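The next block holds one structure in the form of structure tokens; read it before the comments.
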Amino acid sequence: MKTFVIGIGGVTNGGKTTLAKNLQKHLPNCSVISQDDFFKPPSEIETDKNGFLQYDVLEALNMEKMMSTISCWMQSPRHSPVSTERNNEDVPILIIEGFLLFNYKPLETIWNRRYFVTIPYEECKRRRSTRVYEPPDPPGYFDGHVWPMYLKHRREIEDIEWEIVYLDGTKSKEDLFSQVYEDLRQELAKQKLSCKASLEGSSA
């Protein structure tokens, strides 16, 4: 079955989850998987020499479990527990959102469209300070772990020759949604035309 898989990656507190949920409300047959749902328990998170828990690395995530969830959706997208059932004529859409999507090689081949949300250091630090985490961020955690890891992982994906659409996370939620929604409408329309051409070619 033909599917369309969207990746929304990027900086912590950039608005990825909000964007994914807004898109899900407006796109037909759309499901969302959040990488944040796959963190390992605190007892399994490593600590660095400064005593900071290493949450902003792939090793802090149960990526095998996440891949299994994605595989289940791919095999039966219309009957997945994360699906929103709508029109059977529409291509099933999966949005995967998270801070470390494009650094994980097993996911490389599944994307139909990739977005990466960015916000400046000061804005990210401000937003992070308003969020409640469990366990809470210790003093110096943002500058000592969160931001350096973001910069490291962003440099890694900038070296990869994929098409990634970079998004300005300082835009309003409405503007960000409108930009991505319009882009996706165009991409989905292209896929429909491509599928129709393939069908007509095979029946000729």
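Could you give me the residue pairs with C-beta distances under 9 Å whose first residue belongs to the stretch 106-131 and is part of a loop (DSSP other than H, G, I, E, B), whose second residue is open to solvent by 30 Å² or more (accessible area, probe 1.4 Å) and among the hydroxyl-bearing types (S, T, Y) wherever it lies, and which are 6+ apart or on separate chains?
I119/T170; P120/T170
Go through the stretch 164-187 and count every residue that is in contact (Cβ under 8 Å) with a residue 40 or more places away in the chain and open to solvent by less than 80 Å² (accessible area, probe 1.4 Å).
As a first pass, look at the stretch 164-187 and keep what is in contact (Cβ under 8 Å) with a residue 40 or more places away in the chain: 164-170, 173, 176-177, 180-181, 183-184, 187.
Next cut, open to solvent by less than 80 Å² (accessible area, probe 1.4 Å) only: 164-165, 167-170, 176-177, 180-181, 183-184, 187.
Looking only at that region, the number is 13.
Give all pairs with beta carbons closer than 6 Å in which a residue from the stretch 8-36 that is assigned to a helix (DSSP H, G or I) meets a residue that is open to solvent by 40 Å² or more (accessible area, probe 1.4 Å); count only pairs at least 6 apart in sequence or on separate chains.
T18/K173
Looking at this structure, is Q179 among the polar types (S, T, N, Q), at pLDDT 95 or above, farther than 14 Å from G9 by Cα and in a helix (DSSP H, G or I)?
Details: among the polar types (S, T, N, Q): yes; at pLDDT 95 or above: yes; farther than 14 Å from G9 by Cα: yes; in a helix (DSSP H, G or I): yes.
Yes.
Quick check on my filter: what residues within the stretch 20-57 are closer than 19 Å to L107 by Cβ and open to solvent by less than 40 Å² (accessible area, probe 1.4 Å)? Break it down stepwise before answering.
Step one: filter the stretch 20-57 for residues closer than 19 Å to L107 by Cβ, giving 20, 23, 30-40, 56-57.
Hits for the stretch 20-57 are A20, L23, C30, S31, V32, I33, S34, Q35, F38, D56, V57.
The values are calculated or read from the model by the stated rules, or taken from the named source; none is laboratory data. Keep in mind that this is a model prediction, so the values were computed, not measured. In this analysis, Cβ positions are derived from the backbone assuming ideal geometry, glycine residues included, and neighbour counts consider all displayed protein chains. Heavy atoms of the whole protein, side chains included, go into the accessibility calculation; ligands, DNA and RNA do not. Shrake-Rupley method; radii C 1.70, N 1.55, O 1.52, S 1.80 Å.
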